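The values are calculated or read from the model by the stated rules, or taken from the named source; none is laboratory data. The model shown is predicted, which means the values in this text are computed figures rather than measured ones. Positions of Cβ are backbone-derived with ideal geometry, glycine not excepted, and every protein chain shown enters the neighbour counts.
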Amino acid sequence: MSDKAFTDRLAEIERAFEELEASMADPAVLSDPQKIASVGKRHSDLKDLVADIRTWRRTVADLQEARSMASDPDMAKLADALAREAAELEEKIRREIIPADPNDDKNVILEIRSAAGGDEAAIWAGDLARMFTKYAERHGFLVEQLDAAPSEAGGYDKIVLAIKGRGAWSRLKWEGGVHRVQRVPKTESQGRIHTSTATVAVLPEAEEVDVQIDPNDVRVDVFRSTGPGGQSVNTTDSAVRLTHIPTGLVVSVQDEKSQLQNKEKAFRILRSRLLQMEQERAQAELSGERRSQVGTGERSEKIRTYNYKENRVTDHRIGLTIRRLDQVLEGDLDEFVEALAADQQAKQLSSGK
């Protein structure tokens, strides 16, 4: 953000704050409980930011005055101190005025699928599901299994989890992509290291108010649930497949014995996928984000590599390596999450977006 764009933005925020203060003294607002609550919340949201802006303006003015008298050694020292203070305040304000991610407080739907590596990829998908479950529990989030297709060798060909709690998206949104593992599989008799992958898609869970689905746009098919090996899980047609005709999106769920429960879960997943598509369309990406998260699952496509032999986890997006893979697999992901958030913030600050 250029200096002019920055100062223009600050002036805009201050004007908005002054208008809110005037509104809070307006009898028409004071007599309406809903209006006063709305105005009061916006005033509260801006109060600390405006205080920082005003402090920064005073500091910059004091700095200019001190620099005009910099021939005096004491004033030169004061100018140096004020310059540091002004820079720190400006950086803080620039961070505060970055637009918040509108999804940050939403629940998350996490889709994990085995990719390259056969049985070992399915086992790895199960390990990732456990890691994300542990991470969610560390932060007080609730985890609900929406759908799963267990693999004969262990793990999952696919598993879909709902992770519920305030701020779930803000912590898990970085996890979408190809996760690559390098290790000796339990079934490997020669002790050779294999490389396998699983894909992770992270979706903000949509509420009904976020996405309106016309029932006429959805074809509902029911079929018999099957488990590993194709054997019947039950004797009724309880599995549900939804096809959203306008977009071609297909969601199938067979996790529950109840057709009604499977249908409800399928609609939750469908709403979340539609919400993501709509948000991406608004950003002129047209559902590219989900495809970029999942890719093709090839071994060369990865956001993160987990190397068992070296007890190492590397995030390739930011070049961060942590040599405590065992702890990461127990859900200790905070160092990655915080580094990715800081990297995103730095990019937003440099681009002004």
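Summary of computed values
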{"item": "Search result, residues across segment 162-187 that are under 8 Å from the mean Cα position of the chain (by Cα) and among the hydroxyl-bearing types (Ser, Thr, Tyr)", "result": "SER170"}
{"item": "Leading residue by the ranking (modelled with the lowest pLDDT) among those in segment 245-285 that are touching a helix residue (DSSP H, G or I) at 6+ places or on another chain (Cβ under 6 Å) and surrounded by fewer than 22 Cβ atoms within 10 Å (Cβ to Cβ)", "result": "GLU280"}
{"item": "Given (1) surrounded by 14 or more Cβ atoms within 10 Å (Cβ to Cβ); (2) among the aliphatic types (A, V, I, L, M); (3) at pLDDT 75 or above, index of the condition LEU349 fails", "result": "(3)"}
{"item": "Hey, SER31 surrounded by 13 or more Cβ atoms within 10 Å (Cβ to Cβ) and more than 24 Å from ALA83 (Cα to Cα) or not", "result": "no"}
{"item": "Qualifying positions in segment 138-147 - touching a residue at least 40 places away in the same chain (Cβ under 8 Å) and surrounded by 19 or more Cβ atoms within 10 Å (Cβ to Cβ)", "result": "LEU146, ASP147"}
{"item": "Flag for GLU85 being more than 23 Å from LYS347 (Cβ to Cβ) and loosely packed, with under 15 Cβ neighbours inside 10 Å", "result": "no"}
{"item": "Matching residues in segment 85-131 - criterion: being within 30 Å of ALA11 (Cα to Cα) and not charged (D, E, K, R)", "result": "ALA86, ALA87, LEU89, ILE93, ILE97, ILE98, PRO99, ALA100, PRO102, ASN103"}
{"item": "Looking only at segment 36-55, and only at residues there that are of a type in the set (Lys, Arg) and either modelled with pLDDT under 85 or over 32 Å from the mean Cα position of the chain (by Cα) (or both), the one that is farthest from LEU82 (Cα to Cα)", "result": "LYS41"}
{"item": "Condition check for ILE36: of a type outside the set (Gly, Ala, Ser), surrounded by 12 or more Cβ atoms within 10 Å (Cβ to Cβ) and closer than 28 Å to LYS347 by Cβ", "result": "no"}
{"item": "Search result, residues across segment 150-171 that are touching a residue at least 60 places away in the same chain (Cβ under 8 Å), under 16 Å from LEU128 (Cα atoms) and not in a loop (DSSP other than H, G, I, E, B)", "result": "PRO150, VAL160, ALA162, ARG171"}
{"item": "Of residues in segment 56-71 being part of a loop (DSSP other than H, G, I, E, B) and surrounded by 12 or more Cβ atoms within 10 Å (Cβ to Cβ), the one modelled with the highest pLDDT", "result": "MET69"}
{"item": "Yes/no for SER23 being outside the structural domain of GLU175 (by TED's automatic domain parsing), exposed (fewer than 14 other Cβ atoms within 10 Å of the Cβ), more than 32 Å from the chain's Cα centre (by Cα) and small (Gly, Ala, Ser)", "result": "no"}
{"item": "So ALA116, is it small (Gly, Ala, Ser), crowded, with 23+ Cβ neighbours inside 10 Å, over 21 Å from the mean Cα position of the chain (by Cα) and not in a strand (DSSP E or B)", "result": "no"}
